[in-house]
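Visitor: Have a look at this one before I ask anything.
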Amino acid sequence: MKRFLAVLLGILICLGGAGYWHYNVYANDNVPAITTEQQLKQEVLKNLDQGKLEFTIPTKLPIYKSKEAEKMFKDVINEISSTGNYGFGNLTGYSYYISSNMGFIQIKVEAYYLTTQKQEQEINNKVKEIVKNNHLKQMTDFEKVYFVNKYLAQHIAYSSDATDGGHSAYAALFDHKAVCQGYALSAYRLLTEAGVDTRYITGQVHGENHAWNKVKVDGKWYNLDITWNDPMPDRGDRYRLNYFLITDQQLAKDHTWNYRSENPATSKKYEFLMNAQAFTIDKNSIYYTMPNDSHFYKWNMKTNKKTVLFQNYIPLKSIQAHGNWLTLEDFNGASAKVKTDGTNYTGFTETAVNNWANSVKN
């Protein structure tokens, strides 16, 4: 199969956890707030996303419920080990201990991350630069996800020969090499900065640990696995849409996960793009071709209308939009042009057609 890695998360995180008991009673003017597992989950995620090396979560649980508090904490860690945020995805291990404050339980956590605070600042600056320079905040949700999928697949080569073994967003954005964790964490940062609600997901593919994302596009959740949208071995600017905005049902054909699905992905709206051979988006429209199909398609995202613009028999490597024109390139480097409404199609040269015909014969 493809490339899999031993991503830390799940297993490694759990093995890295250590618990300590420590009881004192001391005064504090702050009133403990946490009473439920959901509140505890939000506090843990918030502190991890802020990259805090140490943090204390006060509760309203009496000290005699210390075992219940520890179980609640472990349940939260187990849950977010499968679906969490950037902070948890960037975690390499943790330790914790439970103490008493005025008779109420508080949980102190020490966290260890893939990246240093200096590297995180560099990541922040890089993410803001990419989002600003490419005007992501002015795009639709779909366009933002499409851009990030394309950008990362074109700028990253799948490799563990990088900082942190390619697991971090730093490796992905600065070394331009990463394994699936680096792809998913850098996607999380870019999409979140652009305003797309995103989750960091871990699971397995054929028994190997793997990481990907879930994204919310126009109010609906979808799966996005950029690692598997980046051909291997690396093909430079080539990228795919095989795992782009797909359902849980489709993803489950080769991915598995253990989390309770708070954000089920059920919409099949974009799954027709899974096997697209050449494609591009421009002005709320997607232009694409399919393997073993002579049609050149245009899909209007606003009207949800699909039309065939013209017949094109030569397989295309790429489609580029330039104003009211599209440039088509085949796998031999020959090109043709057509207007975005399907008119004025120049067609490929006789030489290009002959080259294609000969390749089919051979």
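Visitor: Would you check which residues across the stretch 107-118 are among the polar types (S, T, N, Q) and over 12 Å from residue 189 (Cβ atoms) and list them?
Guide: 116, 117
Visitor: So which residues in the stretch 130-148 are farther than 29 Å from residue 52 by Cα, in a helix (DSSP H, G or I) and out of contact with any Lys or Arg (no Cβ under 9 Å at 6 or more places or on another chain)?
Guide: Of everything in the stretch 130-148, those that are farther than 29 Å from residue 52 by Cα, in a helix (DSSP H, G or I) and out of contact with any Lys or Arg (no Cβ under 9 Å at 6 or more places or on another chain) turn out to be 133, 138, 142, 143, 146, 147.
Visitor: While we're looking at this one, here's another question. Within the stretch 329-340, identify whether any single residue is within 22 Å of residue 142 (Cβ to Cβ) and either open to solvent by less than 40 Å² (accessible area, probe 1.4 Å) or free of Cβ contacts under 8 Å to residues at least 60 places away in the same chain (or both), and answer yes or no.
Guide: yes
Let's see how each residue does on (1) over 22 Å from residue 51 (Cβ atoms); (2) open to solvent by 40 Å² or more (accessible area, probe 1.4 Å); (3) touching a residue at least 40 places away in the same chain (Cβ under 8 Å):
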site: 80; (1), (2), (3): no, no, no
site: 91; (1), (2), (3): no, no, yes
site: 97; (1), (2), (3): no, yes, yes
site: 103; (1), (2), (3): yes, no, yes
site: 111; (1), (2), (3): no, no, yes
site: 128; (1), (2), (3): no, yes, yes
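Visitor: Inside the stretch 319-328, can you point out the residues that are open to solvent by 60 Å² or more (accessible area, probe 1.4 Å), at pLDDT 90 or above and outside any loop (DSSP other than H, G, I, E, B)?
Guide: Scanning the stretch 319-328 gives 320, 325.
Visitor: Turning to a different aspect of this structure: When you go through (1) more than 12 Å from the chain's Cα centre (by Cα); (2) at pLDDT below 95; (3) in a strand (DSSP E or B) one by one for residue 202, which number turns out not to apply?
Guide: (1)
Visitor: All but one of (1) crowded, with 18+ Cβ neighbours inside 10 Å; (2) in contact with a helix residue (DSSP H, G or I) (Cβ under 8 Å, 6 or more places away or on another chain); (3) among the hydrophobic types (A, V, I, L, M, F, W, C); (4) in contact (Cβ under 8 Å) with a residue 40 or more places away in the chain hold for residue 174; state the number of the condition that does not hold.
Guide: Of the numbered conditions (1) crowded, with 18+ Cβ neighbours inside 10 Å; (2) in contact with a helix residue (DSSP H, G or I) (Cβ under 8 Å, 6 or more places away or on another chain); (3) among the hydrophobic types (A, V, I, L, M, F, W, C); (4) in contact (Cβ under 8 Å) with a residue 40 or more places away in the chain, the odd one out for residue 174 is (1).
Visitor: Applying the selection to the stretch 114-168, what residues are aliphatic (A, V, I, L, M), modelled with pLDDT under 95 and under 14 Å from residue 196 (Cβ atoms)?
Guide: 139
Visitor: Next up: Does at least one position in the stretch 222-232 carry a residue that is within 23 Å of residue 289 (Cα to Cα) and either over 14 Å from the mean Cα position of the chain (by Cα) or open to solvent by 10 Å² or more (accessible area, probe 1.4 Å) (or both)?
Guide: Yes, some residue in the stretch 222-232 is within 23 Å of residue 289 (Cα to Cα) and either over 14 Å from the mean Cα position of the chain (by Cα) or open to solvent by 10 Å² or more (accessible area, probe 1.4 Å) (or both).
Visitor: If I filter the stretch 55-74 for residues that are out of contact with any Pro (no Cβ under 8 Å at 6 or more places or on another chain) and closer than 18 Å to residue 169 by Cα, do I get at least one hit?
Guide: Scanning the stretch 55-74, I find no residue that is out of contact with any Pro (no Cβ under 8 Å at 6 or more places or on another chain) and closer than 18 Å to residue 169 by Cα, so the answer is no.
Visitor: Additional query: What's the number of the only condition in (1) over 26 Å from residue 225 (Cα atoms); (2) touching an Asp or Glu at 6+ places or on another chain (Cβ under 6 Å) that residue 141 fails to meet?
Guide: Unmet for residue 141, out of (1) over 26 Å from residue 225 (Cα atoms); (2) touching an Asp or Glu at 6+ places or on another chain (Cβ under 6 Å): (1).
Visitor: Out of 247, 163, 202, report the one residue that is of a type outside the set (Phe, Trp, Tyr) and buried (at least 20 other Cβ atoms within 10 Å of the Cβ).
Guide: 202
Visitor: If you don't mind, there's one more thing I want to ask. Pick out the one residue from 144, 108 that is of a type in the set (Lys, Arg) and in contact with a strand residue (DSSP E or B) (Cβ under 7 Å, 6 or more places away or on another chain).
Guide: None of the others qualify; the one that does is 108.
Visitor: Still on this model: Which one is surrounded by the fewest Cβ atoms within 10 Å (Cβ to Cβ), of the residues in the stretch 63-78 that are closer than 15 Å to residue 41 by Cα and not acidic (Asp, Glu)?
Guide: If we take residues in the stretch 63-78 being closer than 15 Å to residue 41 by Cα and not acidic (Asp, Glu), then 71 is surrounded by the fewest Cβ atoms within 10 Å (Cβ to Cβ).
Visitor: Which number in (1) open to solvent by less than 10 Å² (accessible area, probe 1.4 Å); (2) modelled with pLDDT of 95 or more; (3) touching a helix residue (DSSP H, G or I) at 6+ places or on another chain (Cβ under 7 Å) marks the one condition that residue 189 misses?
Guide: (1)
Visitor: Considering only strands (runs of 3 or more DSSP E) fully contained in the stretch 215-301, which possess at least 1 residues that are aliphatic (A, V, I, L, M)?
Guide: Strands (runs of 3 or more DSSP E) meeting the threshold: 220-224, 244-246, 278-282, 285-289.
The values are calculated or read from the model by the stated rules, or taken from the named source; none is laboratory data. Worth saying up front: this structure is predicted, and the values here are computed from it rather than measured. Methodologically, a virtual Cβ is constructed for each residue, glycine included, from the backbone with ideal geometry; neighbour enumeration extends over all protein chains shown. Heads up: the accessible areas ignore ligands, DNA and RNA and are worked out on the full protein's heavy atoms, side chains in. Shrake-Rupley method; radii C 1.70, N 1.55, O 1.52, S 1.80 Å.
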